[in-house]
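K.L.:
Please find one structure pasted underneath; my questions will follow.
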Amino acid sequence: MGVWDFIQDQVLGMKWLNELLGIGLSALGLDVNGRIGGSVQFFIYDVLKITVLLCVLIFAISYIQSYFSPERSKRILGRFHGIWANIISALLGTVTPFCSCSSIPLFIGFTSAGLPLGVTFSFLISSPMVDLGSLVLLMSIFGAKVAIVYVILGLVIAVVGGTMIEKLHMEKYVESFVLSAGSVDIESPDLTIRERLTYAKEQMLGTFKKVFPYILIGVGIGALIHNWIPESWIETVLGSNNPFGVILATIVGIPMYADIFGTIPVAEALLSKGAQLGTVLSFMMAVTTLSLPSLIMLRKAVKPKLLALFIGVCAVGIILVGYLFNAFQFILI
C-alpha cells in the first residue's frame, strides 16, 4: 500500500474503524454480514467517521476563514474585473459557509456593497457546492481523482453561471432593498492567534449542532439503501440502463435540504448499489446548491426572473457534469 492509499483508506476513510466496529459488533452477537448487523455497522461507522472529519475540517477551515472578513473579501473581489473577478469569487466561496442558506446573507452583503451581480452569483454557486470540506470528504469516499474533478467542475459551473448572469445585465431583477442597503466599511480588528482559535472552535461547535441531525438522517437513509434496497432497483432507476438517471437525481435533490456532510453517506450507499457516479454526484450538487429553503431565502433578495435563471443555470450545469462523470466513470474509479 502506497502512502497516498494509506492516507485515503486509513486516515480519511478510517477503514480501521469499520474493521474494529465489525469485530466489536460480532463479539456482541450481531451478524455484520446480515441486514440488521450490516445496517448497525454502517450507521455507527459513517456517523463516527463523518463527525470526526466534520469537526476537524470545520475547525481548520474556520481558522482560515478568520482571515477573510466580509470587508476584506469585498476588498479582494473589488481588485479584479471581468472573468478574473468571477474566478476569484468562486475560489473565495470555497473557504466560506457550508450550506447555501448561510451563503445568502453574504451574497446580499456583497451585492449591496456594489460588487457586480455576476461576481456575487459566482460566490453564491460555489460556496455550498465546492467548499474545502467537500474536497476532503469526497476523497475519503470516492478517491482523489473524483474529488479534484468534482471541485474543478463545480468551480467551472460557478464561473460560467456568474458570467452568464453578468452578460445578461440582470441587475434590475434584484430587489430594491438589496441595492439601496449600501455598505458600511468597518475595518475588522486584527485577531490574535488565540482569538482565531476561539473563533474556529465556536464555528465548529455551532456548525456541528446545526449539521449533526442531517448527518444522522443522511446516514440512516444510507444504511437503509446499503442493506435493505435491492441492487436491481437502484441499477434500474439510477444505473447505466436509464439515460434519464442524471436528470431524475437532480430533480429529486432540489427539494431536499442538507449539506455535503448529510449527502455523502447517501451517495456512498447509492454508488455501492450500482448507481452511476455522475448520477450520484448530480444528486449531491442539487441538494447542496438548489435546496428549497435556500431558494425561498434567495427569492426575498431577487425577483422571480433572476431566481429562475439562477436555478436554470445551476440545474443545466449540474446535469452536464453528471453526464460527463458517467461518461468517464471507468477512468475516475
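K.L.:
Rounded to the nearest 10 degrees, what's the angle between the helix 132-142 long axis and the longest principal axis of the chain, both from Cα atoms, 0 to 90?
P.N.:
20 degrees
K.L.:
Where only protein heavy atoms count, and the probe is 1.4 Å, what is the accessible area per residue for the stretch 236-331 in Å²?
P.N.:
Details: 3570 Å² over 96 residues.
The answer is 37 Å² per residue.
K.L.:
Okay, moving on. For helix 15-27, report the angle its Cα long axis makes with the longest principal axis of the Cα atoms of the chain; keep it between 0 and 90° and round to the nearest 10°.
P.N.:
Taking Cα atoms only, the helix is inclined about 40 degrees.
K.L.:
Can I ask one more? Sum up the charges of everything whose Cβ sits under 14 Å from the Cβ of Cys55, counting Lys and Arg as +1 and Asp and Glu as -1, but leave Cys55 out.
P.N.:
On the way: positive: Lys49, Lys201, Lys209, Lys210; negative: Glu202.
With Lys, Arg at +1 and Asp, Glu at -1, the neighbours total +3.
K.L.:
Right, here's the next one. Taking H placed 1.01 Å from N in the peptide plane, check which residues at least 5 places from Val174 or on another chain put their amide H under 5 Å from its amide H.
P.N.:
It is Lys303, by chain and number.
K.L.:
I've got another one for you. Can you bin the stretch 121-253 into rounded, prolate or oblate? Criterion: square roots of the alpha carbon gyration tensor eigenvalues sorted a ≥ b ≥ c, rounded for a/c under 1.5, prolate for a/b above b/c, oblate for the rest. List each step's numbers first, then the result.
P.N.:
On the way: a/c = 2.25, a/b = 1.36, b/c = 1.65.
In terms of gyration-tensor shape, oblate.
K.L.:
Let me ask another. With a cut-off of 8 Å between alpha carbons and a minimum separation of six or more residues, what is the relative contact order of the stretch 1-129 in percent?
P.N.:
Numbers: 98 pairs, mean separation 24.1, N = 129.
Normalised by residue count, the contact order of the stretch 1-129 is 19 percent.
K.L.:
Taking Cα pairs under 8 Å and at least six residues apart, what relative contact order does the stretch 192-263 come out at, in percent?
P.N.:
Values: 22 pairs, mean separation 34.0, N = 72.
Answer for the stretch 192-263 is 47 percent.
K.L.:
Quick one: what are the phi-derived ³J(HN,Hα) couplings along the stretch 299-308, Karplus 6.51/-1.76/1.60 with θ = phi - 60°, whole Hz, x for glycine and proline?
P.N.:
These are the phi-based 3J(HN,Hα) values: 4, 5, 9, 10, 7, x, 5, 5, 4, 5 Hz.
K.L.:
Return a whole-number percent for the relative contact order of the chain, with Cα pairs under 8 Å and 6 or more residues apart as the contact set.
P.N.:
Values: 482 pairs, mean separation 68.0, N = 333.
Here the relative contact order equals 20 percent.
K.L.:
From the phi angles alone, apply the Karplus equation (6.51, -1.76, 1.60; θ = phi - 60°) to the stretch 38-45 and give each ³J(HN,Hα) in whole Hz, x where the residue is Gly or Pro.
P.N.:
Per-residue couplings from phi come out as x, 5, 5, 5, 4, 5, 5, 4 Hz.
K.L.:
By a straight-distance test (C-alpha under 26 Å), which lysines pair with Lys49 as possible cross-link partners, with residues fewer than eight away in the same chain excluded?
P.N.:
Output for Lys49: Lys15, Lys145, Lys201, Lys209, Lys210, Lys273.
K.L.:
Could you name the lysines in cross-link range of Lys167, using Cα to Cα under 24 Å and dropping any fewer than eight places away on the same chain?
P.N.:
Leaving aside lysines fewer than 8 places away in the same chain, those within reach of Lys167 are Lys74, Lys300, Lys303, Lys305.
K.L.:
Summing -39500 (n - 2.57) over the DSSP H runs of n ≥ 4 in the chain and dividing by its residue number, what mean residue ellipticity at 222 nm do you reach, to the nearest 500 deg cm²/dmol? The partial results should precede the final answer.
P.N.:
Values: 18 runs with 247 residues, N = 333.
Rounded to the nearest 500, the figure is -24000 deg cm²/dmol.
K.L.:
Once the chain is represented by equal point scatterers at the alpha-carbon sites, with solvent omitted, what log10 I(q)/I(0) does the Debye formula produce at q = 0.07, 0.10, 0.13 Å⁻¹?
P.N.:
Relative scattering, expressed as log10 I(q)/I(0), comes to -0.30, -0.60, -0.98.
K.L.:
Write down, largest first, the equivalent ellipsoid semi-axes of the stretch 1-150 in whole Å, where each equals the square root of 5 times an eigenvalue of the alpha-carbon gyration tensor.
P.N.:
Numbers: eigenvalues 319, 46, 31 Å².
Computed over the stretch 1-150, the values are 40, 15, 12 Å.
K.L.:
Using the alpha-carbon atoms, what tilt in degrees (0 to 90, nearest 10) does helix 193-228 show relative to the longest principal axis of the chain?
P.N.:
Approximately 50 degrees, to the nearest ten.
K.L.:
Just add up the charged neighbours of Ala269: K/R +1, D/E -1, any other residue whose Cβ is under 12 Å from the Cβ of Ala269. Write down the numbers at each step before the final one.
P.N.:
Details: positive: Lys273; negative: Asp46, Glu231, Glu268.
Spelling it out: positives minus negatives among the neighbours equals -2.
K.L.:
In the chain, once you exclude exposed trypsin sites (Lys or Arg not before Pro) (DSSP loop, at most 12 other Cβ within 10 angstrom), what's the longest stretch remaining?
P.N.:
Values: sites that count: Arg79, Lys300.
My reading of the result: 80-299 is the longest stretch.
K.L.:
For the stretch 88-166 and the stretch 1-64, what is the separation of their C-alpha centers, rounded to whole Å?
P.N.:
Measuring centre to centre over Cα atoms gives 28 Å.
K.L.:
Compute the orientation-averaged projected area for the stretch 259-320 from the convex hull of its Cα atoms and round it to one decimal in nm². Intermediate values should be presented prior to the final figure.
P.N.:
Working: hull surface 17.2 nm².
Seen from a random direction, the Cα hull of the stretch 259-320 projects 4.3 nm² on average.
The values are calculated or read from the model by the stated rules, or taken from the named source; none is laboratory data. Being a predicted model, the structure only gives us computed values, none of them experimental. No Cβ is skipped: glycine too gets one built from the backbone with ideal geometry, and neighbour counts run over all protein chains shown. Heads up: the accessible areas ignore ligands, DNA and RNA and are worked out on the full protein's heavy atoms, side chains in. Shrake-Rupley method; radii C 1.70, N 1.55, O 1.52, S 1.80 Å.
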